[in-house]
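Structure first, commentary second.
Values in this text are rule-based calculations from the coordinates and carry no lab data. Please read these numbers as outputs of a predicted model, since none were measured by experiment. When we count neighbours, we look across all protein chains shown, and the Cβ atoms used for this are built from the backbone with ideal geometry, even at glycine.
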């Protein structure tokens, strides 16, 4: 829905002007546990739609009146169509004689997005992993995951005291896998638990050491299995490179960037491979 | 010719550059920035989402405006949905 009806300019404008918009993940994926008040209110709304024989379900739009009554609802297969969602919004706006919210009220209730690592470690390296499909499914947008490496983990990306220029070392599998497990594209099966890392080789090379900075180059290959849907097996094959910059005085990583030079995702649909080019990128957040 | 080779080797040593595989840093940065911009963008992110359902319901009663609630599985913000 985010790429379809929720990105439609008129739908967006009506939701923003007349309603208090909120999204809620049923499984709280990548999010902190749901607050009790949210949970109870969600149960109440689900119960209301069931008792009033209104459309409901886990992926659904609900328009809830100030008194708690549900004014209308649409299941995802309808709500994803901009014209269907638009007609529900317009009907409720007219029927309830809604007036636009003030700009001040909208500003006061808008909240920054809240996904990411909860309570990051002080000495941890926080990485942002992004992927996208580049062809038929480019409209799925960019997927995001966050990985935190502890100090003992991120130190494997830096050279040892006796490492010379041009020397290479292998990043331990358990460290590399923490990052590459998220190298699957946005798809109907979004769960990282569905991924199996089949192969991952990440080599680091001390490339440069000008003045007070060190530069490490990364190069590697990755192969993951990750289903497209529930029962459609898929495989990611990627070659990646990266550049890490660190301060020689205290071994602090100042920059970490990695990206695919070549990446493909192929999943099977009715036994036929559906290959698609994809891109992968990793950046340091903190 | 030999003189130029010696000059090149001395220049590399002086620069502190090793013999690891060269990486096109501009291309690498461009790809990271392109995906970063794609993650930050998305028209739906311009909707002034409220932080929680309880907060939306509380403000709804104060303002006499209804709530638009979208429930789903996964995480809409990160594209893992």
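A simple spin-label model places pseudo-atoms 7 Å from Cα toward Cβ; at residue A:44 and residue A:97 they are separated by 2.6 nm.
The angle between the Cα long axis of helix A:9-18 and the longest principal axis of the Cα atoms of chain A comes to about 60 degrees, rounded to the nearest 10.
Helix-only mean residue ellipticity at 222 nm, chain A, DSSP H runs n ≥ 4 weighted -39,500 (n - 2.57), per residue, nearest 500. What is it?
After summing the helix terms and dividing by the residues of chain A, the value is -6000 deg cm²/dmol.
Quick check: from the Cα gyration tensor, does the protein assembly as shown come out rounded (a/c under 1.5), prolate or oblate? Note, shape of the protein assembly as shown comes out prolate. Largest GNM mean-square fluctuation across A:159, A:186, A:21, computed for chain A with C-alpha springs under 10 Å, falls on A:21.
Neighbour counts of other Cβ atoms within 10 Å put A:226, A:217, A:8 in the fewest-to-most order A:8, A:217, A:226. Centre-to-centre, using Cα atoms only, region A:204-259 and region A:23-48 are separated by 37 Å. Projecting label points 7 angstrom from Cα along Cα→Cβ for residue A:86 and residue A:177 puts them 5.0 nm apart.
Springs between Cα atoms under 10 Å define the GNM used for chain A, and in it the highest mean-square fluctuation of A:181, A:257, A:193 occurs at A:193.
Helix A:36-51 versus the longest principal axis of chain A: what is the Cα-based angle in degrees, 0 to 90, to the nearest 10? Relative to chain A, helix A:36-51 is tipped by roughly 50 degrees. Seen against the Cα atoms of chain A and their longest principal axis, helix A:82-95 is set at about 40 degrees. Using 0.36 nm per residue and subtracting the Cα-Cα separation, the extra length available between residue A:221 and residue A:167 on full extension is 17.5 nm.
Note on residue B:58 and residue A:239: the model spin-label points, each 7 Å out from Cα along the C-beta direction, lie 5.5 nm apart. Between residue A:264 and residue A:110, full extension at 0.36 nm per residue minus the direct alpha carbon distance yields a gain of 51.7 nm.
Estimated at 0.36 nm per residue, the fully extended path between residue A:134 and residue A:77 surpasses their Cα-Cα distance by 18.1 nm.
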